[in-house]
Amino acid sequence: MRGFRYLLGLLIILAACWLGVWWYAEGRMQNGVTAWAEQLATQGWKVSYDRLQRGTSPAAATLTLTNLVLSPPADSHGESGAVTLPVVALRIELLDPMVLHTDLPQKISVAVGQTINAVVSFGSVALDQELDPHVLFHSGAFPYRSGSFNAAGVDILASDGSLLVLHLDSIATHYAFDPDAGADRMAFTGTEQLNGVAISPLVARLLSIPFGGKVASLSLNLGLSGPVPPDLAALAARINAIPASDEADRQKLFVPVVHDWAAKGGNGNFGLGAVVGPTTLASDGALKFDANLQPQGTADVTADHLDEFTQAVTNAYPETQAVITAWQAQLSAYITSTPLGGQSLAMHVAYGDGAVNVNGMKTSDLPPIDWTALENPAPVLAPTPTPTPPPVTGDGANTPTP
């Protein structure tokens with residue numbers, strides 16, 4: 001009997017703890033949405049929703065927004081647009097309390113100006129982000145340590161959803177963030193994979209796009225080492241607060257951060273890949289800085305069946321023949337032919353110490369980076385308007401010039 005009372009008391013304590021966490025989590029989500037909307041407003045965006053409702057079930061902390069509308073800043077012609085999501089819900093479940101799920105609608109409306117009305121639809125869609133327990137109680141810290149977005153059966157449709165423009169079989173993205181990373185490990189890693197990308201068959205026929213307008217796969221990966229700049233969120237907010245047209249002031253904020261990162265051993269890597277028609281393209285590279293903070297690194301590019309690829313392009317667009325021929329001539333030293341791969345490209349690029357080498361041969365000089373000049377860019381002066389001559393009046397207005 002004593003054991004039963006002990007167990008019952010423990011369950012009551014756990015339930016009370018969860019209810020406290022549940023209430024706190026919903027409050028943090030609501031505050032986060034409000035702060036997010038306010039931040040977008042400082043950048044010229046408009047954010048509106050019909051209703052923001054906290055959940056009532058203790059099985060999950062939830063926050064639901066109804067008819068969320070995002071409108072970007074107007075362009076130079078005074079036109080804007082709107083992205084409309086009928087329902088968006090944020091959710092943290094009892095049995096998985098360190099993952100924030102964002103439940104997106106299966107149809108999102110997109111309007112651009114007064115003429116474009118499109119719909120993005122999903123067969124399935126999921127957005128999940130892992131929370132860091134060390135920063136949950138610090139409102140100014142970035143609370144996520146990793147996240148993923150996965151969608152299948154994605155269609156982009158124009159004319160209010162009646163005309164297919166683009167289809168994707170699937171899209172998958174993932175990122176991981178380590179704010180404590182030094183130069184010896186990655187502070188940010190991100191990957192993205194698109195499969196089965198296909199332009200509408202109608203559009204592909206009308207524009208004579210090779211390979212039926214289909215791309216089998218596209219991939220991207222990026223890695224950046226630490227150290228992470230201090231107060232990164234505040235820095236991003238300061239940069240975003242500067243108008244995009246003011247490139248000089250943005251550069252004054254951004255370049256010193258990159259300079260400091262390089263001085264502390266910052267390095268990175270990237271990768272790109274694609275399968276288009278018969279051709280498989282792969283590339284990757286790495287970047288670091290030497291003792292004088294000058295870039296050095298490598299990059300590799302490979303591609304096969306280039307002859308079949310270029311033939312298909314020139315058959316579809318004969319006007320590209322001259323450009324492709326010139327391109328092939330420039331890369332001829334790095335192209336070989338094999339029975340299995342057809343024309344294949346293989347390039348190994350190494351840069352540093354003032355030179356760029358391709359496949360072991362120097363091809364060009366590498367100018368040094370002048371960090372002082374980059375950190376102090378000259379302001380871009382607006383062009384002086386040309387004065388407009390006064391109109392001709394009186395009897396001379398219609399008199400021809402001799």
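The values are calculated or read from the model by the stated rules, or taken from the named source; none is laboratory data. Given the structure is predicted, the values throughout are model-derived calculations rather than measurements. Every residue, glycine as well, gets a Cβ built from its backbone with ideal geometry; the counts of neighbours run over all protein chains shown.
Within region 312-325, track down each residue that is surrounded by 15 or more Cβ atoms within 10 Å (Cβ to Cβ) and part of a helix (DSSP H, G or I). I'd like the intermediate steps shown before the answer.
Step one: of region 312-325, the residues surrounded by 15 or more Cβ atoms within 10 Å (Cβ to Cβ) are 312-314, 317, 324.
Ala312, Val313, Thr314, Ile324, listed by residue number.
Pairs under 9 Å by beta carbon, first residue over 30 Å from Ser364 (Cα atoms) in region 306-334, partner of a type in the set (Gly, Ala, Ser), six or more apart or different chains?
Taking only residues 6 or more apart or on different chains, the pairs are Glu308/Gly277; Glu308/Gly342; Ala312/Gly277; Asn315/Ser208; Ala316/Ser208; Tyr317/Ser208.
Considering only residues that are closer than 21 Å to Thr314 by Cα, among the polar types (S, T, N, Q) and touching a strand residue (DSSP E or B) at 6+ places or on another chain (Cβ under 9 Å), which ones fall in region 201-234? Write out each step before concluding.
Applying the first criterion (closer than 21 Å to Thr314 by Cα) to region 201-234 yields 201-216.
Subset that is among the polar types (S, T, N, Q): 208.
Passing the criteria: none in range.
From (1) without any contact (Cβ under 8 Å) to a residue 12 or more places away in the chain; (2) under 25 Å from Ala152 (Cβ atoms); (3) charged (D, E, K, R), pick out the condition that doesn't hold for Glu38.
Here Glu38 meets the rest and fails (2).
I'd like the full set of residues that are surrounded by 15 or more Cβ atoms within 10 Å (Cβ to Cβ) and either among the hydroxyl-bearing types (Ser, Thr, Tyr) or at positive phi (or both), limited to region 237-292.
Gly277, Thr279, Thr280, Ser283
Is it fair to say Gly3 is at pLDDT below 90, touching a Lys or Arg at 6+ places or on another chain (Cβ under 9 Å) and farther than 17 Å from Leu127 by Cα?
On the way: at pLDDT below 90: yes; touching a Lys or Arg at 6+ places or on another chain (Cβ under 9 Å): no; farther than 17 Å from Leu127 by Cα: yes.
Spelling it out, it is not the case that Gly3 is at pLDDT below 90, touching a Lys or Arg at 6+ places or on another chain (Cβ under 9 Å) and farther than 17 Å from Leu127 by Cα.
So which residues in region 159-174 are at pLDDT below 95 and surrounded by 17 or more Cβ atoms within 10 Å (Cβ to Cβ), if there are any at all? Show your work before the answer.
In the first step, residues of region 159-174 are kept if they are at pLDDT below 95; the result is 159-165.
If the condition is that a residue be at pLDDT below 95 and surrounded by 17 or more Cβ atoms within 10 Å (Cβ to Cβ), then Leu164 is the only one that fits.
How many residues does region 285-303 contain that are under 26 Å from Val255 (Cβ atoms) and within 23 Å of the chain's Cα centre (by Cα)? Even if it seems obvious, please write down each step before you answer.
Narrowing region 285-303 to residues under 26 Å from Val255 (Cβ atoms): 285-299.
Checking the rest, the ones that are also within 23 Å of the chain's Cα centre (by Cα) come to 285-288, 299.
Of the residues in region 285-303, 5 are under 26 Å from Val255 (Cβ atoms) and within 23 Å of the chain's Cα centre (by Cα).
For region 267-308, which positions are within 16 Å of Thr336 (Cβ to Cβ) and acidic (Asp, Glu)?
Listed by number, the residues that qualify are Asp300, Asp304, Asp307, Glu308.
For region 23-35, check the following and say yes or no: at least one residue is part of a loop (DSSP other than H, G, I, E, B) and either without any contact (Cβ under 8 Å) to a residue 40 or more places away in the chain or in contact with a Cys (Cβ under 7 Å, 6 or more places away or on another chain) (or both).
Checked region 23-35: no residue is part of a loop (DSSP other than H, G, I, E, B) and either without any contact (Cβ under 8 Å) to a residue 40 or more places away in the chain or in contact with a Cys (Cβ under 7 Å, 6 or more places away or on another chain) (or both).
Limited to region 351-376, what total is found for residues that are in a helix (DSSP H, G or I) and surrounded by fewer than 15 Cβ atoms within 10 Å (Cβ to Cβ)? I'd like the intermediate steps shown before the answer.
Taking region 351-376 and keeping what is in a helix (DSSP H, G or I), we get 371-375.
Add one more test, that the residue is surrounded by fewer than 15 Cβ atoms within 10 Å (Cβ to Cβ), and what stays is 372-373.
Selection size over region 351-376: 2.
Could you tell me which residue of region 326-350 is surrounded by the most Cβ atoms within 10 Å (Cβ to Cβ), considering only residues that are of a type in the set (Gly, Ala, Ser) and assigned to a helix (DSSP H, G or I)?
Ranking the candidates gives Ala333 first.
Of all residues in region 38-62 being in a helix (DSSP H, G or I) and among the polar types (S, T, N, Q), which is surrounded by the fewest Cβ atoms within 10 Å (Cβ to Cβ)?
Filtering region 38-62 down to residues in a helix (DSSP H, G or I) leaves 38-42.
If we keep only those that are among the polar types (S, T, N, Q) too, we end up with 39, 42.
Details: Gln39: 16, Thr42: 10.
By that ranking, first place goes to Thr42.
What is the one condition in (1) surrounded by 15 or more Cβ atoms within 10 Å (Cβ to Cβ); (2) modelled with pLDDT under 95; (3) of a type in the set (Phe, Trp, Tyr) that Phe142 does not satisfy?
Every condition holds for Phe142 apart from (1).
I need the full set of residues from region 48-101 which are closer than 30 Å to Pro243 by Cα, in contact (Cβ under 8 Å) with a residue 24 or more places away in the chain and polar (S, T, N, Q), in order please.
Ser71, Ser80, Thr84, listed by residue number.
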